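Step one of this worksheet: look at the structure below.
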Amino acid sequence: MKVLKAHEMAELDRITIEEIGIPSPVLMENAGRGVLEVILSRFPHVKKVLVVAGKGNNGGDGIAVARMLRLKGVDADVYLALGEPGGDSALQLKVFRNLGYEPLSKEPTYRDYDLIVDAIFGTGFKPPVRGEVARVIENINASGVPALAIDIPSGLSADTGQLFEPSIRAEVTVTFQFPKLCHVLYPSAKLCGKVVVKDISIPEHLAGDIEREIITPESLRLPEREPDTYKNREGHVLILGGSAGKTGAVMMSALSATRTGSGLVTVGVPEGLNPIIESRLVEEMSMPLPGEERLSIFSVDTVLREKERFSALALGMGMDRYEEGQDIVLELMEKWDKPLLLDADGINNLVDSGELGVLKKRKAVTVLTPHVGEFSRLSGLSSEEITANQTGVAREFSREYGCYLVLKGARTVISDPEGRAFISTRGTPAMAKGGVGDVLSGVLVSLLGKGMETLNALKLGVYLHGIAGELAEKKLHRESLRARDLIREIPNAYKSIENFLKKSDTIYQDDRQGEP
């Protein structure tokens, strides 16, 4: 499902109204009906509802909802927070009055209601909120009454994950046709609550050129095994890294690569640490390389001599940051002509070298998997700039350097050299633990090594990893989840996706209806 910005949604509205010929009041009626359905299903016991309406189309949607609720026998009041509306919203107010209803003459006591419908500002609003309406929003939040936001919580920007104060803290947000960036990116997504997308008759194909979308199960392709396959055909991946005190990182990557489906997995570590690896791994093989507590530059010669054995390389997990490590990364970036995934200290050593331009020179697939802190070092942007515009900065970096990026965070964004972005909404705060990123690297390099098309491999791997985290949390507790628990759940995550694909015809909803 595509994810839109405000101006993109406005253009789709315009095309629908002016070129296709669906009148604006019809779209407003459809929007009101969609919100009504959500209220009746999610808040079935409410008896008194307050709609706080602004002057624009968002306010008109809210007034339509109030009228529909009244006709269903629910006591629904309208408070015009910004005064009398104009345009199509004025038409909605006229209909409301023609039925014998009148908006409130003064600001109500919010605690007197069971539900507050926020219809003050829509996607066209540019924060922050100023003036008297800021106090209205603060009073709604302080009331303790659950709020349902129409389209976006008033006070937020549709175009960013940035928080603006004051903004409505919604329990549910009902948006129309497509989610917006504020619904799916953190920290703004925290204020949106459960996000429900409702069809209002804007044709989906109009968003065909939008280069942002949410990863859904329907968009995934699972790997297939031929009846006559054998282990080498399923990929032989090399996982290279490890240093004194950090051997667990490469081991977790190796175990997750095996669980994800690699036919063969080899772990390359300094020979001084190889006994540790040998004592812990069973199905996976080890490759002792020059170096005692950290990899030596001479390990590159060994890796390149053995290159034909492998289908993909993951580099950097537990590697440590050091000058010789920079040389290792740069030489492998230059001479490894197969898919290469750079993670953790692989990324840090690349940044420390000051030679980011090597990314542009690579002909083979290159995937970088930074978390926000690592990407801050890569890009020179602050963490705040990254989280506020996660899709934008990821797309720009991938286009500039010709690489694939998996930008990890509360939401993970995948971007490709063509500038497309894919957002995963799966996962859980329980996954904020050491080693979880190493597991993801193993999953991704496994799928790359199996020969999957790069974008399909990354989308499936990120989604699979998120589902595994959710399943592990359900079995354990969010505080007790470990990275290794995700590895155990990879088979069940595969099954969950397979089962969904067999029976699913649903669209995206962020409230986890229609698992996974």
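The values are calculated or read from the model by the stated rules, or taken from the named source; none is laboratory data. Just so you know, these numbers come straight off a predicted model, no measurement behind them. Cβ coordinates were reconstructed from backbone atoms using ideal geometry, including for glycine residues, and neighbour counts include every protein chain displayed. Areas reflect the complete protein model, heavy atoms only, side chains present, ligands, DNA and RNA absent. Shrake-Rupley method; radii C 1.70, N 1.55, O 1.52, S 1.80 Å.
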Quiz item: Got a sec? Charge dipole of the range 6-154, +1 on Cβ for Lys and Arg, -1 for Asp and Glu; which of Leu99, Gly86, Ala31 is way out at the positive end?
Solution: Leu99
Self-check item: Relative contact order of the chain, pairs being alpha-carbon contacts under 8 Å that are 6 or more residues apart, as %
Solution: 12
Self-check item: Eligible lysines near Lys72 by straight Cα distance, threshold 28 Å, same-chain separation 8 or greater
Solution: Lys47, Lys48, Lys55, Lys94, Lys106, Lys194, Lys198
Quiz item: Hey, any idea what % of the chain's accessible area is carbon plus sulfur with a 1.4 Å probe?
Solution: 47
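How much FRET efficiency would the formula 1/(1 + (r/R0)^6) give for Glu334 and Leu501, where r is the Cβ-Cβ distance and R0 is 45 Å, rounded to 0.05? Don't jump to the answer; show the numbers that get you there.
Working: r = 40 Å, r/R0 = 0.89.
Rounded to the nearest 0.05, the efficiency is 0.65.
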Practice problem: Could you tell me the largest-minus-smallest coordinate of the C-alpha atoms of the range 56-213 on each of the three principal axes, in descending order and whole angstroms? | Solution: 47, 34, 26
Quiz item: Among Met317, Asn348, Val365, whose Cα sits farthest toward the positive end of the charge dipole of the range 315-368 (+1 at Cβ of Lys/Arg, -1 at Cβ of Asp/Glu, about the Cα centre)?
Solution: Val365
Quiz item: How high is the FRET efficiency between Arg305 and His7 when r is their beta carbon distance and R₀ equals 41 Å, given to the nearest 0.05?
Solution: 0.15
Quiz item: Of the beta bridges DSSP finds with both residues in the chain, what % are antiparallel, to the nearest 5?
Solution: 15
Quiz prompt | Cα centroid separation, the range 300-360 to the range 1-27 (Å) | solution = 47
Quiz item: Angle, helix 132-142 long axis vs. longest principal axis of the chain, Cα atoms, 0 to 90°, nearest 10?
Solution: 70
Practice problem: Name the residue farthest towards the positive end of the dipole of the chain from the options Ile215, Leu444, Ala76, assuming +1 on Cβ of Lys and Arg, -1 on Cβ of Asp and Glu, about the Cα centre. | Solution: Ala76
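On full extension of the chain, what length is gained from Tyr101 through Glu138, given 0.36 nm per residue of separation minus the C-alpha to C-alpha distance?
Numbers: separation 37, 0.36 × 37 = 13.32 nm, distance 2.71 nm.
So the chain would gain 10.6 nm between Tyr101 and Glu138.
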Self-check item: the chain - convex hull of the alpha-carbon atoms, volume per residue in Å³
Solution: 152
Quiz prompt | Alpha-carbon Debye profile of the range 1-57, log10 I(q)/I(0) at 0.16, 0.27, 0.30 Å⁻¹ | solution = -0.71, -1.15, -1.20
Quiz item: When you count, for each residue, the other Cβ atoms within 10 Å and take the mean per peptide, how do 299-307, 26-34, 286-294, 401-409 rank with the highest first?
Solution: 401-409, 26-34, 286-294, 299-307
Exercise. Take the alpha carbon atoms of the range 105-175, find their radius of gyration, then divide it by 2.2 N^0.38 Å using N residues; give the quotient.
Key: 1.04
Quiz item: Mind checking the angle between helix 323-335 and the chain's longest principal axis? C-alpha axes, 0 to 90 degrees, to the nearest 10.
Solution: 90
Practice problem: Using every pair of alpha-carbon atoms in the range 37-136, split the distances into 10 Å bins beginning at 0 and state the percent of pairs per bin, rounded to integers. | Solution: 16, 50, 30, 3
Self-check item: Estimated FRET transfer efficiency (Leu356, Glu204; beta-carbon r; R0 56 Å; 0.05)
Solution: 0.90
Quiz item: Under the classification rounded if a/c is under 1.5, otherwise prolate if a/b is larger than b/c and oblate if not, where does the range 264-324 fall, given a ≥ b ≥ c as square roots of the Cα gyration tensor eigenvalues?
Solution: oblate
Quiz item: Taking Cα atoms, how many degrees apart are the long axis of helix 390-401 and the longest axis of the chain, rounded to 10 and kept between 0 and 90?
Solution: 40
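Please express the shape of the range 274-402 as an equivalent ellipsoid: the semi-axes are the square roots of 5 times the eigenvalues of the C-alpha gyration tensor, given largest first in whole angstrom.
Working: eigenvalues 152, 53, 40 Å².
Taking √(5λ) for each Cα gyration eigenvalue gives 28, 16, 14 Å.
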Self-check item: the chain - charge dipole about Cα centre, Lys and Arg +1 at Cβ, Asp and Glu -1, debye rounded to 20
Solution: 1100
Self-check item: Where labels lie 7 Å past Cα in the beta-carbon direction, separation of Ile15 and Ala244 in nm
Solution: 6.1
Self-check item: Rg(Cα) / (2.2 N^0.38 Å) computed for the range 360-424, rounded to two decimals
Solution: 0.99
Quiz prompt | Nitroxide proxy distance, nm - points 7 Å out along Cα→Cβ at Asp114 and Lys231 | solution = 6.4
